[in-house]
Amino acid sequence: MAQALKISLTRRYRFSASHRLHRAEFSEEENQRLYGKCSNPYGHGHNYVVEVTLTGPVDPATGMVANLGDLDPFVEREVVEQFDHKYMNEEIAEFRDRVPTTENVAREIYRRLRRFPHARLERVRIEETSKNSFEVSEEGAPAVPGID
Amino acid sequence: MIRVTRKIEFSAAHFYHNPKFSPEENRRIFGKCNNPHGHGHNYVLEVTVAGEPDPETGMVLDLKELKEILQREVMDRMDHRHLNYEVPELAGQIPTCENVAAAIWRLLEPKITQGTLDRVRVYESPDLFADCTAQPGAARDDDRAAQTGERRAWRKR
């Protein structure tokens, strides 16, 4: 009997954006203590890498878990076009009242990408820099209003 | 448990084409990957073996032996080959990185006798890779061997 195998497919995307870690309800000192230089009032930016992992049966007709012809434009439309070269605190509605830490950015991107109709979203992993990365999977998925 | 990962690189050609589809469907579904002249990639293969280190040697497995297995099972079969025409393990399949990962899993799984094969990851490019693992909950040859009290033989190093 052939062993049952699980196949997943991972694709990496990039965007560059700025953010500021700051909460209006905290005092200046608290913001400084919590977020340090990330709280600089003018914001700062990163080259983010978004790693998207999908899983599901491999279609025998195409050999694919998901066709990049479907996935690439979906991620471009839902994430890259909306985040690339933006100031997340002001230009992404979800971060008007939520601090855009990369934990929260990962959750927001997971929420957007789980609507992909052709395969199951298993994980979103974001590299904020080559030294920091953040991962969200099903069990860490957020209880955020509007989530599917 | 410890996971040990070994990486190798091989270069191969492929293209995507399903003879059951019309030429238009092939172009629509597979895009530029449908070019019948084929194209190639520098594939990176990461093989992960999981197990307990042997108390005598401190090793989950002998990496020298794994290197030889990867040479024999993967490099000799796939390096500088055309995956559509020259690799029988992929015959009748579209040689996507999903199918290449599954084919490599099936080649390696019976050959790994120290530790158990945990994951096969195939990078087609730095921005695209497929992972193959055992389906959670599926019985492995190992489990069946354990149930019958069989012990996997450790080769003399």
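The values are calculated or read from the model by the stated rules, or taken from the named source; none is laboratory data. None of the values given here were measured: they were computed from a predicted structure. For neighbour counting, all protein chains shown are included, and Cβ atoms are generated from backbone atoms with ideal geometry for every residue, glycine included.
Checking B:Arg157 against (1) modelled with pLDDT under 95; (2) of a type in the set (Lys, Arg); (3) in contact with a strand residue (DSSP E or B) (Cβ under 8 Å, 6 or more places away or on another chain), which test does it fail?
Failing condition for B:Arg157: (3).
Within the bounds of the stretch A:100-123, is there any residue that is within 14 Å of chain B (Cβ to nearest Cβ), surrounded by fewer than 17 Cβ atoms within 10 Å (Cβ to Cβ) and either under 28 Å from A:Glu28 (Cα atoms) or of a type in the set (Asp, Glu) (or both)?
no
For the stretch B:112-121, give me the residue count where each residue is in contact with a strand residue (DSSP E or B) (Cβ under 9 Å, 6 or more places away or on another chain) and not in a strand (DSSP E or B).
3
When only residues in the stretch A:1-19 that are over 17 Å from the mean Cα position of the chain (by Cα) and at pLDDT 95 or above count, which is nearest to A:Met88 (Cα to Cα)?
The residue in question is A:Ser8.
Looking only at strands (runs of 3 or more DSSP E) that lie completely in the stretch A:41-148, which have at least 2 residues being closer than 25 Å to B:His14 by Cβ?
A:44-55
Every residue, every condition in (1) within 14 Å of chain B (Cβ to nearest Cβ); (2) touching a Lys or Arg at 6+ places or on another chain (Cβ under 7 Å), yes or no:
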residue	(1), (2)
A:Ala2	yes, no
A:Ile7	yes, no
A:Ala17	no, yes
A:Glu30	no, no
A:Lys37	no, no
A:Gly43	no, yes
A:Val49	yes, yes
A:Pro60	yes, no
A:Val79	no, yes
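Which members of the stretch A:15-30 meet the condition of being without any contact (Cβ under 8 Å) to a residue 12 or more places away in the chain and not in a loop (DSSP other than H, G, I, E, B)?
A:Glu28, A:Glu29, A:Glu30
Just one of A:Gly69, A:Gly63 is in contact with a Ser or Thr (Cβ under 6 Å, 6 or more places away or on another chain), without any contact (Cβ under 8 Å) to a residue 24 or more places away in the chain and under 26 Å from B:Ala102 (Cβ atoms); which is it?
None of the other options fit; the residue is A:Gly63.
Residues are listed down the side, and each one gets a yes or a no for (1) at pLDDT 95 or above; (2) under 17 Å from A:Glu103 (Cα atoms); (3) out of contact with any Cys (no Cβ under 7 Å at 6 or more places or on another chain); (4) buried (at least 17 other Cβ atoms within 10 Å of the Cβ):
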site: A:Glu28; (1), (2), (3), (4): no, no, yes, no
site: A:Asn40; (1), (2), (3), (4): no, no, yes, no
site: A:Tyr48; (1), (2), (3), (4): yes, yes, yes, yes
site: A:Glu51; (1), (2), (3), (4): yes, yes, yes, yes
site: A:Pro57; (1), (2), (3), (4): yes, no, yes, no
site: A:Pro60; (1), (2), (3), (4): yes, no, yes, no
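Where residues in the stretch B:28-53 are charged (D, E, K, R) and either modelled with pLDDT under 95 or loosely packed, with under 15 Cβ neighbours inside 10 Å (or both), which of them is nearest to B:Ala134 (Cα to Cα)?
Residue satisfying both the conditions and the ranking: B:Glu52.
I'd like to check which helices (runs of 4 or more DSSP H) are fully inside the stretch B:1-106 and have at least 3 residues that are free of Cβ contacts under 8 Å to residues at least 12 places away in the same chain, of a type outside the set (Phe, Trp, Tyr) and within 14 Å of chain A (Cβ to nearest Cβ).
B:23-30
Kindly evaluate B:Arg151 against the criterion of being within 14 Å of chain A (Cβ to nearest Cβ) and modelled with pLDDT under 95.
Criteria not met by B:Arg151.
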